[in-house]
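Below: one structure in structure tokens.
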Amino acid sequence: MSDRFPDFRLGKVLATSFTGTLSERRGNAVERIPTPQRLVDWLSVSGLAVESCTTAQLERAWELRESIHAAATAAARRDPLPESAVQAINDFSTQGRAAAILTPDGNRQWRLGSASSVEDALGVVAADAISVIAGERDGKLALCASPTCQAAFFDTSQSRTRRWCEMNTCGNRQKKARFNAHKHENPGSAKRAQ
């Protein structure tokens, strides 16, 4: 999470962080980029600063996000990738004109080409999704164990057995629910623990 935007769930993988801009998909969904300005904010904290965004570009971003989520979910389940999602991801990837540049301190940074550069930024996100879904990175795609979340995330833990998209949100909520259920099943155990 960013200090400036604590409601953004920012992970280390750009593509799955982008799909996390719609959370609680199977519960009361929370749209974290409901306006063009919020997409500008998310892109900025993700290292893809753009000047502005239109409503049409926001709608295209939602299309890419849902295509990545569909393909990542299928990949995590080892199901065939949805053709429409693959086509959309490929289209976004080829439409962007971003270039990777090396900074003086040895890091990769993205240089976006066009004036508003939203398309370039979305192209970077799509290319990142291709890299993750194609299995080019050390880790594996997984789905959050929370029944209301089911977010796709990239597990880079040593054992590759991570269960939650984020321990601070979904993991804690599930642990609290288990604790409360156990407390209600065994009311005397809570008194003995005090």
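List the relative contact order of the range 19-85 as a percent without decimals, with contacts defined as Cα pairs under 8 Å and 6+ residues apart.
Working: 56 pairs, mean separation 14.4, N = 67.
Once normalised by length, the contact order is 22 percent.
Over the heavy atoms of L14, what accessible area does a 1.4 Å probe trace out, to the nearest 10 Å²?
About 40 Å², rounded to the nearest 10.
Ok, one more. Once label points are set 7 Å from the Cα along Cα→Cβ at both R108 and A49, what is their separation, rounded to one decimal in nm?
2.1
Right, next: Once you order the gyration tensor axes a ≥ b ≥ c over the Cα atoms, which shape class does the range 31-143 get: rounded for a/c under 1.5, otherwise prolate or oblate by comparing a/b with b/c?
Since a/c reaches 1.5 but b/c is at least a/b, the shape of the range 31-143 is classed as oblate.
Could you work out the relative contact order of the range 54-149? I mean the mean sequence separation of Cα pairs under 8 Å and 6+ apart, divided by the number of residues, in percent.
Rounded, it is 29 percent for the range 54-149.
Which order do I133, I68 take by accessible area at a 1.4 Å probe, largest first?
Working: I133 40, I68 5 Å².
Largest accessible area first, the list is I133, I68.
On the Cα set of the range 104-168, report Rg and Dmax in Å, please.
15.3, 44
I would also like to ask the following. Let a ≥ b ≥ c be the square roots of the eigenvalues of the Cα gyration tensor of the range 68-126; is it rounded (a/c under 1.5), or, if not, prolate (a/b larger than b/c) or oblate? Display every interim value, and only then the final one.
Values: a/c = 3.96, a/b = 1.81, b/c = 2.19.
Taking the square roots of the gyration eigenvalues as a ≥ b ≥ c, the range 68-126 is oblate.
Ignoring everything but the protein chains, give the 1.4 Å probe accessible area of K140 in square angstrom, nearest 10.
Spelled out: K140, probe radius 1.4 Å, area about 80 Å².
The values are calculated or read from the model by the stated rules, or taken from the named source; none is laboratory data. The structure displayed is predicted, hence computed values, not measured ones. When we count neighbours, we look across all protein chains shown, and the Cβ atoms used for this are built from the backbone with ideal geometry, even at glycine. These accessible areas exclude ligands, DNA and RNA; they are computed on the full protein's heavy atoms, side chains included. Shrake-Rupley method; radii C 1.70, N 1.55, O 1.52, S 1.80 Å.
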